[in-house]
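S.K.: The structure under discussion is supplied below as structure tokens; questions concerning it will follow.
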Amino acid sequence: MLTLSKLFFLIVSVSLTPLHAYIHYEFTGKGNVNIVYTKYGDQKGQYGSIVISPGRTESSLKHEELSNELIEKGFSPVFIINHRGQGLSGRVLEDTNKGHVAKFSYYYKDFEKFVKSVLRDSQTDKNNLFLLAHSMGGAIATGYLQTYGTDLFKGLVLSSPMLGINFNDKTEFEVLMETLIACKTPLGPDCNDYAQEGKYSPEADLFEGNDNTSSRDRFERRKRLWMDIPKLQLGGPSIRWVKEAIKANLKMRRHKAIKKITDLPVLLLQAEKDVTVSNEKQSKFCSTVNKVDGNCTLKVIKNSKHEILMEADHIRDIGVRHILDFIEH
């Protein structure tokens, strides 16, 4: 094994059908959890480098298509983290199918180490580094920037960011109270139990009726990836994850927190048909950024479900075009 430093070293450099080479690296995150990230591309791009923070259940391998597309457009390398508890990174519970985190801030700590490793890479364009984040990854990117500062990045793209979860007929406060009771009451569910959904089931993982994408090809490609690499599979979130996510969302939407990112241009892509996260809270967040002298541009992607960058071509292409226009200008 080739040692790069005390924390970072090469694991794998294999892609089945690569347009551009990728390699996996790892480091030790908070609580000795193994965190893996992937580097796509092997040279400095013409227009800069990109760091990607993926959503809940997502691995760095899911975004190979997007990474290759960005590289072809002149952005390289592309670095993608596998957040703790999912993808190629380590899991902390005996039931590795649970989406779980002890504290949401652990994601920020992992991301800070990840960014430091990106900056140590000689091929990274440190003067033109952009951050692209989807769903839960959007919450992680926002919290990270509010905690560690915005100086390293030239722009932030939030795709269907989890700035608030859609709980349908319940409010954030109601669900938060339920999780707090579950985590503090000795009788009843355990804080680490599934909040919903349970274990991943291939039989229940069907394109018909899914809330994420109207692209059957991209849906089936992700499912095949999970079948080929069972480690990537992930079921529903734990009660503790829900509790920590709500607390983090409430904190990052405060004016005091939003003021910490006003010097960073933000593009927020909102999926018109999203039922996973709250579009209302996204709109309010972007509006608040502008009210406190920041720069947030909101673009609604018509007919898109939650995963804009995994949508059917006629929908996805609009989102990608907005991203490229934002970064290039």
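The values are calculated or read from the model by the stated rules, or taken from the named source; none is laboratory data. All figures in this text were calculated on a predicted structure; none of them were measured in a lab. Backbone-built Cβ (ideal geometry, glycine too); neighbour counts: all protein chains shown.
S.K.: In the set Thr142, Thr147, which member is surrounded by fewer than 20 Cβ atoms within 10 Å (Cβ to Cβ), touching a residue at least 24 places away in the same chain (Cβ under 8 Å), outside any loop (DSSP other than H, G, I, E, B) and not acidic (Asp, Glu)?
M.R.: Thr147
S.K.: What number goes with the only condition from (1) among the small types (Gly, Ala, Ser); (2) touching a Phe, Trp or Tyr at 6+ places or on another chain (Cβ under 7 Å); (3) on the phi > 0 side of the Ramachandran plot that Gly99 does not pass?
M.R.: Only one criterion is unmet by Gly99, namely (3).
S.K.: Just one of Ser59, Ser76 is free of Cβ contacts under 8 Å to residues at least 60 places away in the same chain and over 19 Å from Ile246 (Cα atoms); which is it?
M.R.: Just a single option satisfies the conditions, and that option is Ser76.
S.K.: Same structure again: When you scan region 79-99, do you find a residue that is under 14 Å from the mean Cα position of the chain (by Cα), under 25 Å from Val320 (Cα atoms), crowded, with 24+ Cβ neighbours inside 10 Å and of a type in the set (Val, Ile, Thr), even just one?
M.R.: yes
S.K.: Filter region 100-139 down to the residues that are among the hydroxyl-bearing types (Ser, Thr, Tyr), touching a residue at least 60 places away in the same chain (Cβ under 8 Å) and buried (at least 24 other Cβ atoms within 10 Å of the Cβ) and list them by number.
M.R.: Across region 100-139, the qualifying residue is only Ser135.
S.K.: Do we have Glu94 as on the phi < 0 side of the Ramachandran plot and assigned to a helix (DSSP H, G or I) here?
M.R.: no
S.K.: Would you mind listing the strands (runs of 3 or more DSSP E) fully within region 1-70 where at least 3 residues are at pLDDT 90 or above and within 30 Å of Glu328 (Cα to Cα)?
M.R.: Of the strands (runs of 3 or more DSSP E) lying wholly inside region 1-70, those with at least 3 residues that are at pLDDT 90 or above and within 30 Å of Glu328 (Cα to Cα) span 22-28, 34-40, 48-53.
S.K.: What is the residue count in region 286-303 for residues that are free of Cβ contacts under 8 Å to residues at least 40 places away in the same chain and not in a helix (DSSP H, G or I)?
M.R.: 11
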